Amino acid sequence: MGRTSDAKERLLEAALDLIWERSYGVVTIDNICEAAKVKKGSFYYFFSSKAELAVATLNNHWANYGRAKWDEMFSPSLPPLVRIRTFMQSVHDSQEEIRAEYGRVLGCPCFCLGTELAHDDEALRSVAQDILAKQLRYFESAIRDAQAEGVVNPGDASMKARCLFALFEGSLAQARIQDDLEILRTLPDTAMDLLGVAPANIPACLPKVSCAAAAATSPASAPAGSPVSAPDIAATPSLATA
């Protein structure tokens, strides 16, 4: 029996890194094959085009990394405002790690690729839109829970979530354009201001290593017998945190 090849996985990883760091338009199939150490013939065995690879890259990243990270940081076992503040803090922290590795702030790969190609490739636009819509629902769920606890004023939770999501993605875009982490440093406090949270109700962000303890002691604990997934926010730079 022949050796199992990991060429497809290497192509997916190389494409994500290169397109995120540079741009979809600049990166060529040759660049991706070279970075992945895969022959061009093997590329076309798996993908018919660079666009098809880009779609697979976004889907693969969300399925195998992004969704799990968002599930952890927005765990219902954590108080809703802690979820939001800790996530916003993780945006700065992950981009700080990314800058140390790549030499500059890169922002959100899904948002960057979506804005670059929204009018040029329907399949890419569709998958980026779908992933961003899923991320938006995490914010809406946390806001509804915060409203139920009385720490966020009643009102259209969907609209509030869209405003919060625009703060998140817009700040990431500005940080990438200006290569400036300071734009992200105030996100946790700005999010609370945007939601109109009273100072007395503003929680601290979770320390990177204490999320499990916080989940275990949270008053908004999960139903008895259900698994609790505690976030390890510092584990890997998020591609958003994407």
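The values are calculated or read from the model by the stated rules, or taken from the named source; none is laboratory data. A quick note: this is a predicted structure, and the numbers were derived from the prediction, not measured. As a convention, Cβ positions derive from the backbone with ideal geometry for all residues, glycine included, and neighbour counts pool all protein chains shown. Protein only, heavy atoms only, side chains kept; ligands, DNA and RNA dropped before computing areas. Shrake-Rupley method; radii C 1.70, N 1.55, O 1.52, S 1.80 Å.
Listed by chain and number, the aspartates and glutamates placed with their C-alpha closer than 15 angstrom to that of residue 160 are 140, 145, 169, 193; residues fewer than eight positions away on the same chain are left out. Taking the square roots of 5 times each eigenvalue of the Cα gyration tensor of the range 1-126, largest first, gives ellipsoid semi-axes of 29, 17, 15 Å.
For an R0 of 41 angstrom, estimate the FRET efficiency from the Cβ-Cβ distance between residue 120 and residue 71 and round to the nearest 0.05. The calculated FRET efficiency here is 0.85. Using the Cβ-Cβ distance between residue 29 and residue 64 with R0 set to 22 Å, the FRET efficiency works out to roughly 0.45. I need the calculated FRET efficiency for the pair residue 9 and residue 193, taking r as the beta carbon distance and R₀ as 51 Å, to the nearest 0.05. Efficiency, from the Cβ-Cβ distance: 0.75.
Element breakdown for the range 137-183 at a 1.4 angstrom probe: carbon and sulfur atoms account for 50% of the accessible area.
Let me have the relative contact order for the range 1-64, percent, based on Cα pairs under 8 Å that are six or more residues apart. Walk me through the intermediate numbers first.
Values: 42 pairs, mean separation 25.9, N = 64.
It comes to 41 percent, rounded to a whole number.
Listed by chain and number, the lysines placed with their C-alpha closer than 18 angstrom to that of residue 69 are 134, 208; residues fewer than eight positions away on the same chain are left out.
In this label model, residue 181 and residue 201 are separated by 3.2 nm, measuring between points 7 Å along each Cα→Cβ vector.
Let me know the whole percent of all Cα-Cα pairs from the range 106-184 that are separated by more than 20 Å.
On the way: 1355 of 3081 pairs.
Value for the range 106-184 (Cα pairs over 20 Å): 44 percent.
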